[in-house]
1. Give the stretch 34-61 a look and list any residue that's more than 10 Å from the chain's Cα centre (by Cα) and of a type outside the set (Val, Ile, Thr), or say none.
2. Determine which single condition residue 77 fails, assuming it passes every other condition in (1) surrounded by 11 or more Cβ atoms within 10 Å (Cβ to Cβ); (2) in contact with a Lys or Arg (Cβ under 9 Å, 6 or more places away or on another chain).
3. List every residue pair whose Cβ atoms lie under 6 Å apart, where the two residues are 6 or more positions apart in sequence or sit on different chains, the first residue falls within the stretch 24-53 and is assigned to a helix (DSSP H, G or I), and the second residue, located anywhere, is of a type in the set (Gly, Ala, Ser).
4. Go through the stretch 58-73 and give me each residue that's within 12 Å of residue 45 (Cα to Cα) and among the charged types (D, E, K, R).
Amino acid sequence: MINNANAEKHSLEEIVEGLDDTFIASHNKQLYHAVIDRIEKALIERVLERTYGNKYRTARILGINRNTLHSKIKKLGIHSAQWKI
């Protein structure tokens, strides 16, 4: 039986392996930042969803400063109010 950490690692590896040549070629010299920004945005949005838009809890879960989270939300164009109840 595969534990959760191994399953998550396997899934992330599959995502990277699934990057097609077109995507790679279209991000010439910017591939790393393109992938990191997409993953970071999805991760932050998922945690914001789980915390009902609570930025303090989201920052704690992610292990980053609340100001850093705020900067990333702005940079990545995340609309955090959509998860508030």
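No value in this document is a laboratory result; all are computed from the given coordinates. For clarity, every value in this text was computed on a predicted model and none was experimentally measured. Reconstructed Cβ throughout: ideal geometry from the backbone, glycine too, with neighbour counts over all protein chains shown.
1. Filtering the stretch 34-61 for residues more than 10 Å from the chain's Cα centre (by Cα) gives 34, 48-61.
Scanning the stretch 34-61 gives 34, 48, 49, 50, 52, 53, 54, 55, 56, 57, 59, 60.
2. With (1) surrounded by 11 or more Cβ atoms within 10 Å (Cβ to Cβ); (2) in contact with a Lys or Arg (Cβ under 9 Å, 6 or more places away or on another chain) applied to residue 77, the lone miss is (1).
3. 48/80
4. Filtering the stretch 58-73 down to residues within 12 Å of residue 45 (Cα to Cα) leaves 58-59, 62, 69, 72-73.
Across the stretch 58-73, the qualifying residue is only 72.
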